[in-house]
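The values are calculated or read from the model by the stated rules, or taken from the named source; none is laboratory data. Quick caveat, the model's predicted, so the values are computed rather than measured. Neighbour counts run over all protein chains shown; Cβ positions are idealised from the backbone, glycine included.
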Amino acid sequence: MEKITKRFGPVVANDAVDFEVAPAEIHCLLGENGAGKTTLMRILFGLYRSDAGEIYVDGKLVSFSGPRDAIAHGIGMVHQHFMLAGKLTVTENIVAGTEPRRGVLLDYAKAREMVQEVSERYGLKVDPDARVENISVGQQQRVEILKALLRGAKVLILDEPTAVLTPQEAGDLFDIMRKLRESGTTIIFITHKLKETQAVSDRVTVLRDGKRVATLNTADTSPSDLAELMVGRQIIPPVRKNRVPGNRVVLELQNVSVRGGASSGARSGSIGGKARLNNVSLQVRSGEILGIAGVEGNGQLELEEVVVGLRKPTSGRILLNGRDVTRLGPRTIREMGVACIPSDRLRRGIVDTFTVAQNLIFGEQKSAPFAIRGILQPRKIAEHAAEIVDKYDVRAASIDQPVGSLSGGNQQKLVVGRELSRGPDLIVAAQPTRGLDVGATDYIHRQLLAMRDAGKAVLLISAELDEVRALSDRIAVMYEGQIVALRPAEEFSERDLGLLMAGQGVGVAS
């Protein structure tokens, strides 16, 4: 890709970017939120057309009017959010769009044979007859990879492929990537996890502010070097100092269970919608961070919802500073000092058509100083918004800009800033750094630790195992709606946590 430029209105997403990959290499693409990584790859896959620049495949100039053209030139892409039909089988998903026919009907036997052949060729074991909704996330990812390989992909783009995997599943994926490289496949690996970059890539290209700043041999770099290239400054991870939590129990769940479907407007909490909560008991004390580790879809969403009042438990009790809040609604719970960084910011955290300033007073829009006798106070709202935007590095052209026009990472920083600035007693931080670059992640980690050190209680729900281990005083592991282990963070090894997250080995401790 030579001198690729892409604009969205006044925003330059890619600024004359040069990017090249060699045959049979794993090439990592790094950069901050808004650096232009996804835009560049969407251009390569034919989803976007560049405003300037050229693409060459095997030395020949090409032009893509859509993904079909890219696929025809041997380029495939596995998106961060899988494009699978849960009710269909693995075979039906893999051959969708290229189905072998017997007359007007799908020749399922032939399709199954095709899937088994490509599966065996690349060492990607899957059950061709299983329904996709009934297989693990790691298996679903294999299905997506097989879809691309069946269509002849020589260049495979993987967008944040480990975001929902256990450490063991991530290790399996890296083995698969290495085997694909050995078979001649080129892989472009988009990730924000520097440790993974070091573990699996041959070369790395770093983008910053839409421009390429470096392409390096991975063996010649370190995580700190890459972090500095990404953000333009040195990143020193915060040190979590062990401290004794306070005696005050801020949040307590007593045998809380949730059964039935997802709450209104929520996505299902598991593959096939099976995992809820089953007799969950836990306490979060003042001055501690309790981390919830687990592969997404094992009850974390339901836990988040019952604590903030969005869902009522089927049985059990929820206490906040000793008061029973089991049947109270989210507004009342919020007014009692609970802040929530929701796992789904688009549904629960922002209104994308409202401005930055308006989003930053949600939950307080009827209270002084933002409203007096029911009348909004624009000056106070603007001052408040400007302060949070500056403190939390929310990159917006104006506080009057619609939130929907911000990048996902900047939307997340806005939500975090709004919630932490309220001075809450309990912070429910669900996937607080999802989609954030290393600089913003570092800042939010420091903020959560500062809240803990100020005597606040933090319930951290995260699919990022490194995040849970780095911040938590105690860790609870969730699997299929149950807490299968709960003990001080230093008593878990990474291997222990990974096995428990995968449902292997159960030992509940408190």
**Asked** Somewhere in the range 314-325, is a residue touching a Lys or Arg at 6+ places or on another chain (Cβ under 6 Å), assigned to a loop (DSSP other than H, G, I, E, B) and in contact (Cβ under 8 Å) with a residue 24 or more places away in the chain?
**Response** yes
**Matching entry among ALA397, ALA385 (being of a type in the set (Gly, Ala, Ser), more than 22 Å from VAL468 (Cβ to Cβ) and crowded, with 20+ Cβ neighbours inside 10 Å)** = ALA385
**Request:** Give just the number: which of (1) buried (at least 17 other Cβ atoms within 10 Å of the Cβ); (2) part of a helix (DSSP H, G or I) does THR332 not satisfy?
**Result:** (1)
**Prompt:** Within the range 487-495, can one find any residue that is within 16 Å of GLU296 (Cβ to Cβ), in a strand (DSSP E or B) and at pLDDT 90 or above?
**Reply:** no
**Message:** Quick check on SER50: is it touching a residue at least 40 places away in the same chain (Cβ under 8 Å) and hydroxyl-bearing (Ser, Thr, Tyr)?
**Reply:** yes
**Message:** Go through (1) surrounded by 16 or more Cβ atoms within 10 Å (Cβ to Cβ); (2) touching a Gly at 6+ places or on another chain (Cβ under 7 Å); (3) over 20 Å from VAL438 (Cβ atoms) for ALA24 and report which single condition fails.
**Reply:** (1)
**Message:** Take the conditions over 29 Å from the mean Cα position of the chain (by Cα), more than 30 Å from LYS3 (Cα to Cα) and of a type in the set (A, V, I, L, M) and apply them to LEU61. Does it pass?
**Reply:** no
**Message:** Suppose the filter is in contact (Cβ under 8 Å) with a residue 24 or more places away in the chain, surrounded by 15 or more Cβ atoms within 10 Å (Cβ to Cβ), under 22 Å from ARG434 (Cα atoms) and in contact with a Gly (Cβ under 6 Å, 6 or more places away or on another chain); does ILE341 pass it?
**Reply:** no
**Message:** Pairs needed: first member in the range 183-197, outside the structural domain of ALA219 (by TED's automatic domain parsing) and surrounded by fewer than 18 Cβ atoms within 10 Å (Cβ to Cβ); second member anywhere, in a loop (DSSP other than H, G, I, E, B) and small (Gly, Ala, Ser); C-beta distance under 8 Å; at least 6 residues apart or different chains.
**Reply:** none
**Message:** I need a count of the residues in the range 435-474 that are surrounded by fewer than 22 Cβ atoms within 10 Å (Cβ to Cβ), within 21 Å of LEU303 (Cα to Cα) and under 14 Å from the mean Cα position of the chain (by Cα).
**Reply:** 2
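Being surrounded by fewer than 18 Cβ atoms within 10 Å (Cβ to Cβ), under 27 Å from ASP69 (Cβ atoms) and either assigned by TED's automatic domain parsing to the domain that holds LEU30 or in contact (Cβ under 8 Å) with a residue 12 or more places away in the chain (or both) is the requirement here; does LYS154 meet it?
Considered against the rule, which asks whether it is surrounded by fewer than 18 Cβ atoms within 10 Å (Cβ to Cβ), under 27 Å from ASP69 (Cβ atoms) and either assigned by TED's automatic domain parsing to the domain that holds LEU30 or in contact (Cβ under 8 Å) with a residue 12 or more places away in the chain (or both), LYS154 comes out as yes.
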**Fill in**
Residues in the range 28-55 that are surrounded by fewer than 21 Cβ atoms within 10 Å (Cβ to Cβ) and in a strand (DSSP E or B) total 4
**Request:** Just name the residue that is modelled with the lowest pLDDT out of those in the range 265-297 that are within 23 Å of VAL338 (Cβ to Cβ), out of contact with any Lys or Arg (no Cβ under 9 Å at 6 or more places or on another chain) and in a loop (DSSP other than H, G, I, E, B).
**Result:** GLU296
**Asked** Of the residues that make up the range 95-106, is at least one surrounded by fewer than 19 Cβ atoms within 10 Å (Cβ to Cβ), acidic (Asp, Glu), assigned to a loop (DSSP other than H, G, I, E, B) and in contact with a strand residue (DSSP E or B) (Cβ under 6 Å, 6 or more places away or on another chain)?
**Response** yes
**Item:** Count of residues meeting criterion [at pLDDT below 95 and of a type in the set (A, V, I, L, M, F, W, C)] in the range 298-327
**Value:** 2
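Considering only the range 406-420, I want to know if a residue exists there that is within 20 Å of GLU32 (Cα to Cα), of a type outside the set (A, V, I, L, M), without any contact (Cβ under 8 Å) to a residue 40 or more places away in the chain and crowded, with 20+ Cβ neighbours inside 10 Å.
Yes, some residue in the range 406-420 is within 20 Å of GLU32 (Cα to Cα), of a type outside the set (A, V, I, L, M), without any contact (Cβ under 8 Å) to a residue 40 or more places away in the chain and crowded, with 20+ Cβ neighbours inside 10 Å.
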**Complete:** Being part of a helix (DSSP H, G or I) and out of contact with any His (no Cβ under 8 Å at 6 or more places or on another chain) narrows ALA85, ALA109 down to just ALA109
**Request:** For GLN431, work out the one condition from (1) touching a residue at least 40 places away in the same chain (Cβ under 8 Å); (2) surrounded by fewer than 22 Cβ atoms within 10 Å (Cβ to Cβ); (3) of a type in the set (S, T, N, Q) it doesn't fulfil.
**Result:** (2)
**Message:** Looking only at residues that are more than 16 Å from LEU149 (Cβ to Cβ), hydrophobic (A, V, I, L, M, F, W, C) and not in a helix (DSSP H, G or I) in the range 164-188, which one is modelled with the highest pLDDT?
**Reply:** LEU165
**Prompt:** Could you list, in sequence order, the residues of the range 126-163 that are in a loop (DSSP other than H, G, I, E, B) and farther than 19 Å from LEU88 by Cβ?
**Reply:** GLY152, ALA153, LYS154, GLU160, PRO161, THR162, ALA163
